[in-house]
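Enquirer: Quick one: structure below, then a few questions.
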């Protein structure tokens, strides 16, 4: 529990707000304990008291506040051995958050309940490359309103959301510093317009970092240290160390897509030359395979690429193998700087893994021998919607840490 700062020496009285700070901390402690119980388990007030170390009387009072805020509900009776059974508690199914994503060729939105379950999800193909932010966000707001409305018809209230974008972001100012594949530089986003009249508003996330957080929550091996590599039109990365996202002092660590893998290579959208993205990004692979998208549908191009790979088409196989080798170079370089020996492949890297894996492992063995065991290179557990789940999950965590934000 985070305790408030003590009063200044000689002040003669406690610092204002201390009692309120303690109660807010304890609200978070109780809600966090309820959230940590396994799915389908409905802890009683006594069990929550045991898990938190608070008195039963304190827990009962705090539970009333959480019930009033609508973030938990009482459900049935929970047998506790001897004595009367207690009333069970669970996260409220009538509260939810929304995960949203803007990427180069689509927008998407999903309503996620407080336990992390996706209630409704929609994706719309849209060419966002070099499109101004306002029409992109207007389209996303329309999609979000439809998804939110459908959830509302089922009695679910969306209390806030998270937006993931493929670029460097300043969440505190709701600013996209640079998203080369969107053509956005120092763009201030009107996030409130995405989800009007919500208690928590909308938080901004880097797409790869959000997906890494989703991976952290959902991985079956519960790995605490890994590098998540996101493959879309661009290539991103998220570093997880000690079960925490590591973003560096400026918040921009993990930009694997812009590690130079070919000094004499092509020009990158970031302004550099020979970046991994120029070889292993979606468009780069499509072009090398002779399957450049016509601008209408990259999903169709991916389907064509998979069909070509299954048929052993030489250009397609060569394009993916080269992407795998260069990805290995980038990961080997990363391993020399950041002491992580586990890699998770997301996006199109996960889709192409059957053809990409062998050249990737060969490259890792050549450039970082013994650093990565083959079993430590795995595919994503959350699939293509990791950024959505991660953005939503981060907002849920912020609510668990500060449930008083929903109190009237």
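The values are calculated or read from the model by the stated rules, or taken from the named source; none is laboratory data. Model, not experiment: these values are computed from the prediction. With ideal geometry, Cβ positions are generated from the backbone for all residues, glycine too; neighbour counts draw on all protein chains shown.
Enquirer: Could you look through segment 112-121, keep only residues that are assigned to a strand (DSSP E or B) and under 14 Å from the mean Cα position of the chain (by Cα), and pick out the one that is farthest from residue 406 (Cα to Cα)?
Expert: Filtering first and then ranking leaves 118.
Enquirer: Select from segment 391-404 the residues that are under 16 Å from the mean Cα position of the chain (by Cα) and either assigned by TED's automatic domain parsing to the domain that holds residue 28 or under 18 Å from residue 34 (Cβ atoms) (or both) and list them in ascending order.
Expert: Initial filter on segment 391-404 (under 16 Å from the mean Cα position of the chain (by Cα)): 391-399.
Result: 393, 395, 396, 397, 398, 399.
Enquirer: Among the candidates 181, 130, 186, which residue alone is surrounded by fewer than 21 Cβ atoms within 10 Å (Cβ to Cβ), assigned to a loop (DSSP other than H, G, I, E, B) and outside the structural domain of residue 258 (by TED's automatic domain parsing)? Explain how you work it out, then say what you get.
Expert: Working: 181 fails: surrounded by fewer than 21 Cβ atoms within 10 Å (Cβ to Cβ); 186 fails: assigned to a loop (DSSP other than H, G, I, E, B).
One residue alone meets the criteria, 130.
Enquirer: A further question on this structure: Pick from segment 270-279 the residues that are part of a loop (DSSP other than H, G, I, E, B) and surrounded by fewer than 22 Cβ atoms within 10 Å (Cβ to Cβ): which of them is modelled with the lowest pLDDT?
Expert: First pass over segment 270-279, keeping only residues part of a loop (DSSP other than H, G, I, E, B): 270-272, 274, 276.
Cutting the leftovers down to surrounded by fewer than 22 Cβ atoms within 10 Å (Cβ to Cβ) gives us 270-272, 274.
Values: 270: 84, 271: 87, 272: 90, 274: 93.
Only one residue fits best here, namely 270.
Enquirer: Additional query: Just the residues that are surrounded by fewer than 19 Cβ atoms within 10 Å (Cβ to Cβ) and outside any loop (DSSP other than H, G, I, E, B), please, taken from segment 289-308. Before you say what the answer is, go through the steps one by one.
Expert: The first filter runs over segment 289-308 and keeps only residues surrounded by fewer than 19 Cβ atoms within 10 Å (Cβ to Cβ), leaving 290, 292, 294-297, 299-300, 302-304, 306-307.
Listed by number, the residues that qualify are 299, 300, 302, 303, 304, 306, 307.
Enquirer: Which of the residues spanning segment 216-243 are under 28 Å from residue 404 (Cα atoms) and touching a residue at least 60 places away in the same chain (Cβ under 8 Å)?
Expert: 217, 218 - these are the residues of segment 216-243 that are under 28 Å from residue 404 (Cα atoms) and touching a residue at least 60 places away in the same chain (Cβ under 8 Å).
Enquirer: So, one more: Return yes or no: is residue 192 surrounded by fewer than 15 Cβ atoms within 10 Å (Cβ to Cβ), on the phi < 0 side of the Ramachandran plot, more than 17 Å from the chain's Cα centre (by Cα) and in a loop (DSSP other than H, G, I, E, B)?
Expert: Values: surrounded by fewer than 15 Cβ atoms within 10 Å (Cβ to Cβ): yes; on the phi < 0 side of the Ramachandran plot: yes; more than 17 Å from the chain's Cα centre (by Cα): yes; in a loop (DSSP other than H, G, I, E, B): no.
So residue 192 does not fit the description; no.
Enquirer: From (1) within 30 Å of residue 96 (Cα to Cα); (2) in contact with a helix residue (DSSP H, G or I) (Cβ under 8 Å, 6 or more places away or on another chain), pick out the condition that doesn't hold for residue 396.
Expert: (2)
Enquirer: Which of the following residues is modelled with pLDDT of 90 or more, out of contact with any strand residue (DSSP E or B) (no Cβ under 7 Å at 6 or more places or on another chain) and part of a helix (DSSP H, G or I): 350, 392, 319?
Expert: Values: 350 fails: out of contact with any strand residue (DSSP E or B) (no Cβ under 7 Å at 6 or more places or on another chain); 392 fails: out of contact with any strand residue (DSSP E or B) (no Cβ under 7 Å at 6 or more places or on another chain).
The unique qualifying residue is 319.
Enquirer: Out of (1) more than 22 Å from residue 270 (Cα to Cα); (2) not assigned by TED's automatic domain parsing to the domain that holds residue 129, what's the single condition that is false for residue 229?
Expert: Just one mismatch for residue 229, condition (1).
Enquirer: Additional query: Hey, can you tell me all the residues within segment 256-268 that are surrounded by fewer than 20 Cβ atoms within 10 Å (Cβ to Cβ) and either within 30 Å of residue 393 (Cβ to Cβ) or outside the structural domain of residue 331 (by TED's automatic domain parsing) (or both)? Don't jump to the end; show me each part of the working.
Expert: The initial filter retains those residues of segment 256-268 that are surrounded by fewer than 20 Cβ atoms within 10 Å (Cβ to Cβ), namely 260, 262-267.
Matches in segment 256-268: none.
Enquirer: Mind checking which residues of segment 63-102 are modelled with pLDDT of 90 or more, out of contact with any strand residue (DSSP E or B) (no Cβ under 8 Å at 6 or more places or on another chain) and either exposed (fewer than 15 other Cβ atoms within 10 Å of the Cβ) or assigned to a loop (DSSP other than H, G, I, E, B) (or both)?
Expert: 64, 68
Enquirer: When only residues in segment 5-43 that are outside any loop (DSSP other than H, G, I, E, B) and at pLDDT below 80 count, which is nearest to the chain's Cα centre (by Cα)?
Expert: Within segment 5-43, the subset outside any loop (DSSP other than H, G, I, E, B) is 18-36.
When the remaining residues are screened for being at pLDDT below 80, the result is 18-20.
Values: 18: 34, 19: 34, 20: 31 Å.
Only one residue fits best here, namely 20.
Enquirer: Report whether or not residue 358 is within 24 Å of the chain's Cα centre (by Cα), within 26 Å of residue 233 (Cα to Cα) and either assigned by TED's automatic domain parsing to the domain that holds residue 311 or assigned to a helix (DSSP H, G or I) (or both). Please lay out each step first, then the result.
Expert: Values: within 24 Å of the chain's Cα centre (by Cα): no; within 26 Å of residue 233 (Cα to Cα): yes; either assigned by TED's automatic domain parsing to the domain that holds residue 311 or assigned to a helix (DSSP H, G or I) (or both): yes.
When the stated conditions are applied, residue 358 does not pass them.
Enquirer: A further question follows. May I ask you to list the residues in segment 244-269 that are over 25 Å from residue 298 (Cβ atoms) and assigned to a loop (DSSP other than H, G, I, E, B)? Before you say what the answer is, go through the steps one by one.
Expert: Residues of segment 244-269 over 25 Å from residue 298 (Cβ atoms): 244-253, 260, 263-264.
Result: 247, 248, 249, 250, 251, 252, 253, 263, 264.
Enquirer: Pull out all pairs, ordered by first then second residue, where Cβ-Cβ is under 6 Å, the residues are six or more apart or on different chains, the first lies in segment 62-77 and is in contact (Cβ under 8 Å) with a residue 60 or more places away in the chain, and the second is crowded, with 16+ Cβ neighbours inside 10 Å and assigned to a loop (DSSP other than H, G, I, E, B).
Expert: 70/92; 71/92
Enquirer: Here's something else I'd like to know. Within segment 45-61, is there a residue that is assigned to a loop (DSSP other than H, G, I, E, B), surrounded by 16 or more Cβ atoms within 10 Å (Cβ to Cβ) and modelled with pLDDT of 90 or more?
Expert: Narrowing segment 45-61 to residues assigned to a loop (DSSP other than H, G, I, E, B): 53-55.
Cutting the leftovers down to surrounded by 16 or more Cβ atoms within 10 Å (Cβ to Cβ) gives us 54.
Now restrict to residues that are modelled with pLDDT of 90 or more: 54.
Yes: one or more hits.
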